[in-house]
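Below is one structure, written out as structure tokens; the observations come after it.
The values are calculated or read from the model by the stated rules, or taken from the named source; none is laboratory data. Since we're looking at a predicted model, the values are computed, not measured. With ideal geometry, Cβ positions are generated from the backbone for all residues, glycine too; neighbour counts draw on all protein chains shown.
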Amino acid sequence: MSLASHLEELQRKHGDIDREIDEALAHPSTDDLEIARLKRRKLALKDQIERLKSQPTTH
């Protein structure tokens, strides 16, 4: 998998989790721990995206 396609996949997952968080927040019955878990996953993906973007490319 190329770096660009890997980044695209991570960004897609990041957006998916963002939508999951929005849906969870819209339902008062959602467990706060579940929301926290989703936010941690989203942050971990963001960190991974930033690390990949900052890597020097070698050709």
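Among the criteria (1) surrounded by 10 or more Cβ atoms within 10 Å (Cβ to Cβ); (2) not in a helix (DSSP H, G or I), the one P28 does not fulfil is (1). Polar (S, T, N, Q), outside any helix (DSSP H, G or I), surrounded by 10 or more Cβ atoms within 10 Å (Cβ to Cβ) and more than 13 Å from the chain's Cα centre (by Cα) - does that describe any residue in segment 34-55? No: zero hits. When residues in segment 1-20 are screened for being hydrophobic (A, V, I, L, M, F, W, C) and modelled with pLDDT of 95 or more, 2 of them pass.
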